[in-house]
1. Can you find a residue in the stretch 85-95 that is in the same structural domain as Thr131 (by TED's automatic domain parsing), under 19 Å from the mean Cα position of the chain (by Cα) and over 20 Å from Val146 (Cβ atoms)?
2. Are any of the residues in the stretch 187-194 surrounded by 15 or more Cβ atoms within 10 Å (Cβ to Cβ), among the small types (Gly, Ala, Ser) and closer than 25 Å to Ala129 by Cβ?
3. What are the pairs, 6+ residues apart or on separate chains, where a residue within the stretch 187-199 that is within 21 Å of Asn118 (Cα to Cα) has its Cβ under 7 Å from a residue that is at pLDDT 95 or above and not in a helix (DSSP H, G or I)?
4. Of all residues being among the small types (Gly, Ala, Ser) and outside any helix (DSSP H, G or I) in the stretch 69-93, which is surrounded by the most Cβ atoms within 10 Å (Cβ to Cβ)? Just the residue, please.
5. Residues Gly187, Gly176: which one is under 17 Å from Met248 (Cβ atoms) and of a type in the set (Gly, Ala, Ser)?
6. Considering each residue of the stretch 182-209, count those that are more than 25 Å from Val155 (Cβ to Cβ) and either among the β-branched types (Val, Ile, Thr) or in contact with a Ser or Thr (Cβ under 7 Å, 6 or more places away or on another chain) (or both), and give that number.
7. Please go through the stretch 69-83 and pick out each residue that is under 21 Å from Ile4 (Cα atoms) and in contact with a Leu (Cβ under 9 Å, 6 or more places away or on another chain).
8. Restricting attention to the stretch 94-150, which residues are part of a loop (DSSP other than H, G, I, E, B), hydrophobic (A, V, I, L, M, F, W, C) and surrounded by fewer than 23 Cβ atoms within 10 Å (Cβ to Cβ)?
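The values are calculated or read from the model by the stated rules, or taken from the named source; none is laboratory data. Nothing here was measured: the structure is a model prediction, and the numbers come from that model. Positions of Cβ are backbone-derived with ideal geometry, glycine not excepted, and every protein chain shown enters the neighbour counts.
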Amino acid sequence: MSEIQKVGVVGCGLMGSGIAQVCAQAGYDTVAREVDQALLDRGVTGITKNLDRAVAKEKIGEADRDAILGRLHPTLSLDDLAECDLVIEAIVENLGAKHELFSALGELCKATTVFSSNTSSLSITELAAGTDRPDRFVGLHFFNPVPVMPLVEVVRCGSTSEESFRLAYAFAESLGKQPIACGDNTGFVVNRLLVPYMLDAIRAYEAGVASIPDIDKGMRLGCGYPMGPFTLGDFVGLDTLYHITDIMYDEYRDARFASPPLLRRMFLAGYHGRKTGKGFYDYSDDEPVVSDFVK
């Protein structure tokens, strides 16, 4: 399999734009595709701001920033991914939408192109089975914020060839990341351990064990976590967490992965965390306070 030179990233939201940025920073010719001009512009603006901050902190020079942006090719056309050696999907966490995308890519891309998904919870086997190249399909699960977080979970399923897996693993290393190898178990390593912890924190609050700030404080000071479970949930997005619990519970049928009633109510009410301004905390002032929904 030839060396990766050109990378395609489908989806230019928070995760996709971060992935596109680190690919371009690592020297790859990077095509970033979105379905809507406004979404594409927002993603490129975010990348530019990140690079401008790096220049201001003297982590990179202005010439470096300009070179990185020169390797980034925003587009609305799927056709522009035809010559990519690796395509990373970072769209909505919906199996049907991903199958539709990979079906279209299968008709466009070279036979040697490796397909990958940034999914955090869906089955890599199920995604690969819907493509014309299950042997050249891997999971590449990055963490938010992508330019900062060093971990990438490289996921192989039963049909993934050794060559494709090794190429994807080496690619993650080439981005300056620290990859770990995972089998195709829903949630992989991090979410399989992290999600039950976050759900248990919600259940502890529902049971009256302690307040939201005190549970957060307890886990920060007692376990050395950089943020407590409720702050983390707001950061990740409570809508994202809720959808992940649905997928993981459907896979394992284990009560540890079932959504607590409070999380479901907050999802339905639109309290999705930082992205909506309110979740477990209200972010309308400089200092977050416990939101009116959970007081």
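1. Yes.
2. yes
3. What qualifies is Phe188/His141; Phe188/Glu153; Phe188/Val155; Phe188/Cys182; Val189/Glu153; Val189/Ile180; Val189/Cys182; Val190/Glu153.
4. Checking each candidate, the answer is Ala90.
5. Gly187
6. 2
7. The answer is Leu69, Pro74, Thr75, Leu78, Asp79, Leu81, Ala82.
8. Ala111, Leu122, Phe143, Val148, Met149
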